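Encoded as structure tokens, the structure appears first; notes follow it.
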Amino acid sequence: MALIIHAGSTNKNAMKALIVAEYTGVKVELVKDFQMGVSNKTPEFLSLNPIGKVPVLETPDGSVFESNAIARYVARLTDNTLFGTSLIDYGRIEQWIDFATLEIDSNILRWFIPRIGFAVYLPPAEEAAISSLKRALAALNTHLASNTYLVGHSVTLADIIMTCNLVLGFSRIMTKSFTSEFPHVERYFWTMVNQPNFLKIVGEVKQADSVPPVQSAKKPSENKEPVNPTVKDAPKEEAKKEVKEQVAKPEAAEEVVEAPKPKAKNPLDLLPSSKMVLDDWKRLYSNTKTNFREVAIKGFWDMYDPEGYSLWFCDYKYNEENTVSFVTMNKVGGFLQRMDLARKYAFGKMLIIGSEPPFKVKGLWLFRGKEIPKFILDECYDMELYEWKQVDITDEAQKERVNQMIEDYEPFEGESLLDAKCFK
């Protein structure tokens, strides 16, 4: 029997458990036709959560409410690493869950909710919320400067809850000019929301272009209860101090994240068809275990279509900074994660070279089209950290360098390989 979660489809708190379910394989279904302010007032719903808040998880053994508790429950149903692999991992995951809730989510809501009219807008309170949020984001930014994930080297429950809490901020109130102070938080957030298990639930996230203008506090009509009964009406004296009320469709505070908009057609999908099928090459690369040069490399050049694809070398500009091996490997791993948006259109090899620091980072990339796709240059900030040079396939020396990078040839240019990573 599937677990049933009661909430709207855009509720970021319900997304926590739904993303956990994607990682664990637990079957969790979103209740159909949920209407905030209606469905959560029925006797049936109030028997699940007597105060009528969402989300609520319906299980064969009874209900569970509070979104973090629901996410924990779903994560515990199978054997997985969402709680880490050690006791200290578990402690730190719980630490970051609390931080995401008390320092990030609460301050985003204290800033955002009054602006859309679900609480009285008071400028000093807003200033305090923004100050507290910046303090929390600065601490998070410092941690992420040397960590790809919050805890360990893979996604944990802490990352799921942190990211879901940040979705509201990035999509509704935290503009690029605001988040640019926290580049590691930006890198982390866009990496996470583009992970397949996140993308399936959250959809495409677009960053807010502007801070919402202040609206008057929502009031009930004469014969209808307020959509969100937990928010009291603002006194008329306070309402007079606010900017002119704008016409807006009332929504519950729990449902403020907009449904994702359909993705625009990628320009690369409009290119003339190519004789090279990228997935065929990726399968050949992955399945070739012996005679790699004779099978995979030869197969690559037989498939390669210079009219439909282009090859590029990249060299990291700041190799002198690569003094710690694991930090360098995490840096490259983060780059590949942020390139996930290009998986349909690209194949890449990244080599970390040297037996001692500073380590060199060099790469080879195959892209659809004759240029590096513009959407990758625009959306993956790592691209500007590398020098890019198109491969001249008429130059046999450059072709041989391509061959060596594809097969992780060692020594590469006279040096040993610390690590080799593949994007496919």
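Apart from one condition, Leu341 fits all of (1) more than 27 Å from Ser273 (Cα to Cα); (2) in contact (Cβ under 8 Å) with a residue 60 or more places away in the chain; the exception is (1).
Restricted to region 340-415, the set of strands (runs of 3 or more DSSP E) holding at least 3 residues that are of a type in the set (A, V, I, L, M, F, W, C) and in the same structural domain as Arg293 (by the TED database) comprises 346-353, 360-368. Applying the criterion of being open to solvent by 20 Å² or more (accessible area, probe 1.4 Å) and of a type in the set (D, E, K, R) to the residues of region 344-360, the residue that is nearest to Pro272 (Cα to Cα) is Lys344. The number of residues in region 174-214 being touching a residue at least 60 places away in the same chain (Cβ under 8 Å), assigned to a helix (DSSP H, G or I) and over 15 Å from Arg338 (Cβ atoms) comes to 4. In region 147-165, is there at least one residue being open to solvent by 50 Å² or more (accessible area, probe 1.4 Å), farther than 18 Å from Ser106 by Cα and either in contact with a Lys or Arg (Cβ under 7 Å, 6 or more places away or on another chain) or modelled with pLDDT of 95 or more (or both)? No, because not a single residue in region 147-165 is open to solvent by 50 Å² or more (accessible area, probe 1.4 Å), farther than 18 Å from Ser106 by Cα and either in contact with a Lys or Arg (Cβ under 7 Å, 6 or more places away or on another chain) or modelled with pLDDT of 95 or more (or both).
Filter region 305-319 for residues that are of a type in the set (Asp, Glu) and closer than 14 Å to Ile353 by Cβ and give the result.
Initial filter on region 305-319 (of a type in the set (Asp, Glu)): 305, 307, 315.
The answer is Asp315, and nothing else.
I'd like to verify a number: residues in region 290-304 that are open to solvent by 20 Å² or more (accessible area, probe 1.4 Å) and part of a helix (DSSP H, G or I), how many? Within region 290-304, residues that are open to solvent by 20 Å² or more (accessible area, probe 1.4 Å) and part of a helix (DSSP H, G or I) number 8.
Highlighted here are the strands (runs of 3 or more DSSP E) found entirely within region 1-94 that include at least 1 residues which are in contact (Cβ under 8 Å) with a residue 40 or more places away in the chain and open to solvent by less than 20 Å² (accessible area, probe 1.4 Å): 3-6, 56-59. Considering region 245-284, the residues that are basic (Lys, Arg) and in a loop (DSSP other than H, G, I, E, B) include one that is modelled with the lowest pLDDT, namely Lys249. Could you list all residues from region 119-135 that are charged (D, E, K, R) and open to solvent by 40 Å² or more (accessible area, probe 1.4 Å)? Glu127, Lys134, Arg135, listed by residue number.
What number of residues within region 305-335 are part of a helix (DSSP H, G or I), touching a residue at least 60 places away in the same chain (Cβ under 8 Å) and within 14 Å of Glu384 (Cα to Cα)? I'd like the intermediate steps shown before the answer.
Quick first cut of region 305-335, residues part of a helix (DSSP H, G or I) only: 319-321, 325-335.
So of that shortlist, the ones also touching a residue at least 60 places away in the same chain (Cβ under 8 Å) come out as 325, 327-330, 332-334.
If we keep only those that are within 14 Å of Glu384 (Cα to Cα) as well, we get 332.
Number of matching residues: 1.
The values are calculated or read from the model by the stated rules, or taken from the named source; none is laboratory data. Keep in mind the model is a prediction, meaning the values are calculated, not measured. Using ideal geometry, Cβ is built from the backbone for each residue, glycine included, and neighbour counts are taken over all protein chains shown. Remember, those area values only see protein heavy atoms, side chains included, never the ligands or the DNA or RNA. Shrake-Rupley method; radii C 1.70, N 1.55, O 1.52, S 1.80 Å.
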